[in-house]
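**Q** Questions regarding the structure given below will be posed in turn.
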Number of protein chains: 2
Amino acid sequence: MENKKENFSEWYNEIIDLSKLSDKRYAIKGMNIWLPYGLKLIHLIDDLIRNYSDEKNFNEVSFPVLISREQLEVEFEHVKGFENEIYWVTKGGNDKLDIDLALRPTSESAMYTMFPLWIRSHTDLPFKIYQIVNVYRYETKHTRSFIRVREIHFYEAHTAHVNYDDSEKQMKEYLEIWKKLSDDLCIYYSLNTRPDWDKFPGAVYSIAFDTAMPGSRSLQVGTIHEYGENFAKNYNIKYLDGNGNLNYVSQTTFGLSERLLAAVIGIHGDNKGLILPYKIAPVQVIIVPIPGENYDKIMDYSYDIINKLKAMNIRCDIDKRDFTPGYKFNDWEMKGAPLRFEIGGRELSDHGITLSLRTQKKKIKINYDDLNNIYDYLNMVNNDIKNSSKKFFDENLIFIDSLDKINEDKMVKLYWCGSKECSDKIENISEKAALGNIYSENSGGKCIVCGKDGRLSVFSRTY
Amino acid sequence: MENKKENFSEWYNEIIDLSKLSDKRYAIKGMNIWLPYGLKLIHLIDDLIRNYSDEKNFNEVSFPVLISREQLEVEFEHVKGFENEIYWVTKGGNDKLDIDLALRPTSESAMYTMFPLWIRSHTDLPFKIYQIVNVYRYETKHTRSFIRVREIHFYEAHTAHVNYDDSEKQMKEYLEIWKKLSDDLCIYYSLNTRPDWDKFPGAVYSIAFDTAMPGSRSLQVGTIHEYGENFAKNYNIKYLDGNGNLNYVSQTTFGLSERLLAAVIGIHGDNKGLILPYKIAPVQVIIVPIPGENYDKIMDYSYDIINKLKAMNIRCDIDKRDFTPGYKFNDWEMKGAPLRFEIGGRELSDHGITLSLRTQKKKIKINYDDLNNIYDYLNMVNNDIKNSSKKFFDENLIFIDSLDKINEDKMVKLYWCGSKECSDKIENISEKAALGNIYSENSGGKCIVCGKDGRLSVFSRTY
């Protein structure tokens with residue numbers, strides 16, 4: 001396998017091939033096939049997102065993939081942001097369609113033409129929905145699995161509220177959801193309020209979750225947007241308040257994508273392969289039976305263990321393939337299974353288990369009854385992942401106090417006045433773009449470029 | 001509510017609106033929005049299909065929605081079947097695309113261009129995959145929710161085998177899956193081998209699962225197809241056998257769609273609303289607390305019950321809305337919840353539960369400890385649904401022995417010689433199309449039209 005530190009890009013592509021997450025040999029470049037193991041992984045991520053959304057009283061819906069040009073052009077400022085990236089359906093059978101239909105690049109215009117039918121009174125608010133669908137971008141840039149693709153697995157939450165105060169509370173609720181999810185994925189990040197010129201088209205402001213990826217670039221893995229009344233005014237979304245007055249709703253959105261999987265692969269993996277946090281591992285415990293005397297009994301014992309684990313809702317399997325144990329060890333390390341059990345003659349006679357954590361070299365001898373504490377071992381793996389992930393993040397987002405250090409091959413924190421001029425200057429020297437002010441970080445300092453008052457901000461090359 | 005027997009079509013539309021399954025007011029006709037309750041329902045149906053597929057060692061994948069014209073035209077006989085129904089993407093941003101891209105009408109051409117990369121040797125066979133995705137048809141006919149739409153929620157399984165014998169075995173395995181699924185949905189059906197002119201484009205033969213719907217029409221809810229080597233020869237899908245010879249694979253497919261939901265709604269529902277088999281009911285047990293003295297304790301007791309049910313993996317909820325019990329009873333009958341619990345002062349003091357089955361008028365008094373037998377009550381509901389569903393099916397698929405009776409307002413079984421001529425004659429008189437010979441029914445008889453030797457066949461008007 002490629003060396004992760006030396007050739008991250010090659011390593012990343014190779015690990016996706018070897019662990020059979022997706023196949024990019026499909027006839028349309030940038031549209032990849034989700035293979036069984038990759039699909040299981042993203043479905044497990046979806047399940048977490050669904051649970052956290054449902055906990056906060058969101059309802060799941062599913063809108064059509066097509067959006068008519070009329071719907072899109074209601075709000076032109078918003079559409080302009082996507083204009084060059086939209087796939088257009090123009091023919092049905094052999095007929096030219098009366099109106100062109102877009103493959104959704106995002107669903108504001110699809111949803112907000114319906115909101116006036118659904119939201120009438122303050123008793124309908126807050127209104128909170130989400131969908132997990134594919135969105136489409138006619139990318140002209142170089143594509144890369146899970147990072148930049150033309151068909152994107154996407155979560156989008158949309159809310160409407162009685163006023164701006166309430167939609168601001170929603171923004172905080174999104175951060176609670178994100179905190180839980182990022183903890184499950186063992187990902188560290190910086191919350192950055194995007195500069196005005198880089199916010200979501202139509203938004204009042206946007207906060208991005210930027211993580212540090214190998215390859216000395218940041219990866220935007222999620223965003224939340226405060227829309228205020230901007231969309232409501234264009235799509236005429238009003239409600240009757242308690243006093244009989246019609247008011248515009250205030251809106252927000254929350255977007256996540258398959259980039260979450262890119263981050264998990266890129267940040268946690270090593271030269272042996274994937275390393276998966278247990279909440280998203282399709283196989284949390286793999287049992288490798290070791291051939292030898294009494295092999296029937298070894299298998300029976302392995303099934304005992306599997307049954308016990310399944311009763312505890314652990315995703316587990318016995319590798320019964322006709323390969324050597326060594327091959328199987330390597331294969332499951334490559335697939336990132338958090339825990340491996342070896343079951344051979346000795347384990348059978350001891351009624352024990354030889355346990356390996358994906359994150360540690362040493363083997364641990366445990367007793368059958370220790371299966372009751374299986375989550376302790378799964379959490380040991382998660383803690384190891386978090387420790388190295390935190391270390392990596394901290395090493396790759398460094399504070400600099402002088403423009404001399406801007407070419408450091410990392411994400412940088414620095415004081416910045418917020419002007420486009422100073423940001424352009426930084427980008428010209430270093431190819432590092434302004435990811436924005438760090439959210440809820442109020443310390444002030446002098447702009448590293450012009451010396452005026454500035455706020456702590458993040459700059460980075462990006463994926 | 002509309003009367004189901006008198007105005008089925010209106011009743012069907014109204015029940016979908018009232019129970020909030022889908023919204024058809026979207027800007028593009030025939031592309032409907034899945035509302036939360038409808039989406040939960042179809043996801044529960046998907047879960048059953050996934051489980052039964054996984055049990056048979058299928059792997060789930062997900063292919064891109066777009067298929068290039070080149071991929072499609074590899075096998076033109078197949079494509080001709082869809083030619084007039086394909087949505088074509090012809091522009092990306094402001095650029096005309098080099099090659100038109102189809103929104104998948106079905107995925108043979110997408111998948112089979114990849115099969116030669118994945119299938120090399122007999123050890124790769126049988127190869128069994130499925131996906132659950134949306135497919136697209138530019139319908140020019142009148143659309144109807146879940147029955148005829150332009151964006152279709154679709155399950156498609158695809159297999160490849162060493163030879164025709166093995167793919168024939170696969171056809172039988174599909175029937176096992178279908179038997180379990182149709183039992184869960186309490187749907188009765190006829191297995192009909194479609195006439196040659198109505199088989200899937202490119203197939204050797206197709207067997208459809210046709211159910212009887214109100215409105216005196218049949219509804220095709222699923223199909224399985226034997227492809228033999230037809231596609232393999234066009235897409236060049238070969239494998240190396242044990243003797244070093246290259247052979248074409250033999251292939252099959254299995255398709256199901258949101259029409260399963262249409263059948264559940266249309267066949268089981270009554271004038272009070274939906275009636276849902278418990279395996280797909282988003283809420284299997286709804287608790288309606290009855291206001292009165294000790295309401296706090298009534299709520300505590302209701303939560304006790306909910307906790308006990310949740311520990312048994314029952315989908316259940318307490319209706320805490322600010323409505324009268326009577327309103328809530330009607331509302332949950334409309335939504336089709338199989339079981340309703342009323343919990344008031346008397347239930348509290350008795351430590352009992354007043355239970356209503358969606359399918360019966362009488363209320364049953366049970367004890368708290370009877371919750372252990374909750375599946376007995378759920379199965380009572382399923383049995384009631386099956387009894388009335390079976391009765392409806394049997395009454396609506398009748399045998400006729402003379403052409404005089406062809407205009408009976410039902411599906412008919414009759415002897416038919418298999419000729420297009422006789423089938424056309426029947427269709428001209430009655431608008432009833434040939435659904436084909438009944439599968440595994442070998443009794444012979446004289447064709448009802450020409451008097452030649454015939455096989456038992458089904459004719460019907462169709463949705």
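**Q** Note down the magnitude of the dipole of chain B about its Cα centre, charges +1 on Lys and Arg C-beta and -1 on Asp and Glu C-beta and zero elsewhere, to the nearest 20 debye.
**A** Working: 61 positive and 68 negative charges, 149 e Å.
Roughly 720 debye, rounded to the nearest 20.
**Q** Loop-only check: which trypsin sites (Lys or Arg not before Pro) in the stretch A:314-368 are DSSP coil with at most 12 other Cβ within 10 angstrom? Let's see the in-between values first.
**A** Working: sites: A:Arg315, A:Lys320, A:Arg321, A:Lys328, A:Lys335, A:Arg340, A:Arg346, A:Arg358, A:Lys361, A:Lys362, A:Lys363, A:Lys365; in loops: A:Arg315, A:Lys320, A:Arg321, A:Arg358, A:Lys361, A:Lys362.
Sparse-neighbourhood loop trypsin sites (Lys or Arg not before Pro): A:Lys320, A:Arg321, A:Lys361, A:Lys362.
**Q** Between the alpha-carbon centers of the stretch A:77-140 and the stretch B:385-463, tell me the distance in whole angstrom.
**A** The two parts, judged by their Cα centres, are 45 Å apart.
**Q** Let me ask another. Once you charge only the Cβ atoms, +1 for Lys and Arg and -1 for Asp and Glu, what is the size of the charge dipole of the protein assembly as shown about its Cα centre, to the nearest 20 debye? Working shown, then result.
**A** Details: 122 positive and 136 negative charges, 5 e Å.
The calculation lands at about 20 debye.
**Q** Something else: In debye to the nearest 20, how big a dipole does the stretch A:283-379 give about its Cα centre with +1 on each Lys and Arg Cβ and -1 on each Asp and Glu Cβ? Don't skip to the answer; put the middle values down first.
**A** Details: 15 positive and 15 negative charges, 79 e Å.
Computed charge dipole of the stretch A:283-379: roughly 380 debye.
**Q** Distances in nm, one decimal, shortest first, from B:Leu175 to the same residue in every other copy, taking the label point 7 angstrom along Cα→Cβ.
**A** 6.2
**Q** A further question on this structure: For chain A, what does the helix formula give at 222 nm: sum of -39500 (n - 2.57) over DSSP H segments with n ≥ 4, over the residue count, nearest 500 deg cm²/dmol? All intermediate terms of the calculation are to be shown ahead of the outcome.
**A** Numbers: 14 runs with 150 residues, N = 463.
Result for chain A: -9500 deg cm²/dmol, rounded to the nearest 500.
**Q** Enter the angle in degrees (range 0 to 90, nearest 10) between the Cα long axis of helix B:325-335 and the first principal axis of the Cα atoms of chain B, meaning the one along which they spread out most.
**A** Approximately 10 degrees, to the nearest 10.
**Q** Ranking A:Thr359, A:Thr211 by Cβ neighbours within 10 Å, fewest first, what do you get?
**A** Numbers: A:Thr359 17, A:Thr211 27.
Going from least to most buried by this count: A:Thr359, A:Thr211.
**Q** Let me ask something additional. What is the sum of charges, Lys and Arg at +1 and Asp and Glu at -1, for the other residues whose Cβ falls under 11 Å from the Cβ of B:Gly352?
**A** Details: positive: B:Arg346, B:Lys365; negative: B:Glu342, B:Glu347, B:Asp350, B:Asp369, B:Asp370.
Local net charge: -3.
**Q** Quick check: the angle from helix A:420-430's long axis to the longest principal axis of chain A, C-alpha only, nearest 10 degrees?
**A** It works out to around 40 degrees.
**Q** When a footprinting reagent is the concern and you count Cβ atoms within 10 Å, what order do B:Leu97, A:Leu18, B:Leu103, B:Leu355 take, fewest first? Each step should come with its number before you reach the end.
**A** On the way: B:Leu97 17, A:Leu18 14, B:Leu103 25, B:Leu355 20.
In order of increasing Cβ crowding within 10 Å: A:Leu18, B:Leu97, B:Leu355, B:Leu103.
**Q** Relative to the longest principal axis of the C-alpha atoms of chain A, give the angle of the C-alpha long axis of helix A:374-396, reported between 0 and 90° and rounded to the nearest 10°.
**A** The angle comes out near 50 degrees.
**Q** Okay, next question. From the label point of A:Lys425, set 7 Å from Cα along Cα→Cβ, how far away are the matching label points in the other copies, in nm, ordered shortest to longest?
**A** 9.3
**Q** Can you tell which of B:Gly244, B:Asn396, B:Val89 lies farthest toward the positive end of the dipole of chain B, using +1 and -1 charges on the Cβ of basic and acidic side chains (Lys, Arg; Asp, Glu)?
**A** Selected residue: B:Asn396.
**Q** Pop a pseudo-label 7 angstrom from the Cα along the beta-carbon direction at both A:Ile398 and A:Asp322 and give the gap in nm to one decimal.
**A** Placing both labels 7 Å beyond Cα along the Cβ direction yields 5.5 nm.
**Q** Report the local net charge at A:Glu395: Lys and Arg +1, Asp and Glu -1, summed over other residues whose C-beta lies under 12 Å from its C-beta. Intermediate values should be presented prior to the final figure.
**A** Numbers: positive: A:Lys390, A:Lys391, A:Lys410; negative: A:Asp394, A:Glu408, A:Asp409.
Within the 12 Å Cβ shell, the charges total 0.
**Q** A further question follows. How would the protein assembly as shown be classified by its alpha-carbon gyration tensor: rounded, prolate or oblate, with rounded meaning a/c under 1.5 and the a/b versus b/c comparison settling the rest? Please list the in-between numbers first.
**A** Numbers: a/c = 1.40, a/b = 1.31, b/c = 1.07.
Rounded shape, in that the Cα axes give a/c under 1.5.
**Q** Residue by residue through B:79-91, how many Cβ atoms from other chains fall within 10 Å of the Cβ on average?
**A** Values: counts 0, 0, 0, 1, 2, 4, 2, 5, 10, 10, 11, 7, 8.
Going residue by residue through B:79-91 and averaging, the value is 5.
**Q** For peptide A:200-211, how many partner chain Cβ atoms fall within 10 Å of a residue's Cβ, on average?
**A** 0
**Q** Moving on to the next point. Going 7 Å from Cα along the Cα-Cβ axis for the label, what nanometre distances separate B:Asn163 from the same residue across the other copies?
**A** Here the equivalent label points are 7.9 nm apart from this one.
**Q** Between A:Asp54 and A:Arg315, what is the label-point separation in nm under the 7 Å Cα-to-beta-carbon projection?
**A** Each label point is offset 7 Å from its Cα along the Cβ direction, giving 1.6 nm.
**Q** As an exercise, identify the trypsin sites (Lys or Arg not before Pro) in the stretch B:75-138 lying in DSSP coil whose Cβ has no more than 16 other Cβ atoms within 10 Å.
**A** Values: sites: B:Lys80, B:Lys91, B:Lys96, B:Arg120, B:Lys128, B:Arg137; in loops: B:Arg120, B:Arg137.
Answer by residue number: B:Arg120.
**Q** Sticking with this structure for a sec: Along Cα→Cβ, 7 Å out, is where each label goes; now give me the distance between the ones at A:Tyr295 and B:Asp124 in nm to one decimal.
**A** The two pseudo-label positions are separated by 2.8 nm.
**Q** Still on this structure, I have one more. At what distance in angstrom do the alpha carbon centres of the stretch A:265-306 and the stretch B:178-236 lie from each other?
**A** Result: 40 Å between the Cα centres.
**Q** On to the next question. What is the pair-distance distribution P(r) of chain B, computed from all Cα-Cα distances in 20 Å bins starting at 0, with each bin given as a whole percent?
**A** Distribution as computed: 22, 49, 25, 4, 0 percent.
**Q** Taking every DSSP beta bridge that has both residues in the stretch B:283-383, what percent is antiparallel when rounded to the nearest 5? It would help to have the intermediate numbers written out before the result.
**A** Details: 9 of 17 bridges.
Beta bridges within the stretch B:283-383, antiparallel portion: roughly 55 percent.
**Q** Given the peptides B:394-407, A:412-425, arrange them by the average over their residues of other C-beta atoms within 10 Å, most packed first.
**A** Values: B:394-407: 13.9, A:412-425: 18.4.
The most tightly packed comes first, giving A:412-425, B:394-407.
**Q** Ok, one more. Which translational diffusion coefficient, to the nearest whole µm²/s, is obtained for the stretch A:8-268 from the Stokes-Einstein equation, given a Kirkwood hydrodynamic radius over C-alpha pairs, 10 °C and 1.306 mPa s?
**A** On the way: Rh = 19.4 Å.
Taking Rh from Cα pairs, D becomes 82 µm²/s.
**Q** How crowded by other chains is A:111-118, given as the mean number of beta carbons from other chains within 10 Å of each beta carbon?
**A** On the way: counts 1, 0, 3, 5, 0, 0, 3, 4.
That works out to 2 on average.
**Q** Determine the sum of side-chain charges near B:Tyr37: Lys and Arg each +1, Asp and Glu each -1, restricted to other residues whose C-beta is under 9 angstrom from that of B:Tyr37. Spell out each step's value before the answer.
**A** Numbers: positive: B:Lys20, B:Lys40, B:Lys335; negative: none.
Its environment carries a net charge of +3.
Throughout, read-outs are computed from the coordinates displayed, never taken from laboratory work. Values in this document were obtained by computation on a predicted structure and should not be read as measured data. Counting neighbours? That spans all protein chains shown, and the Cβs are built from the backbone with ideal geometry, glycine included.
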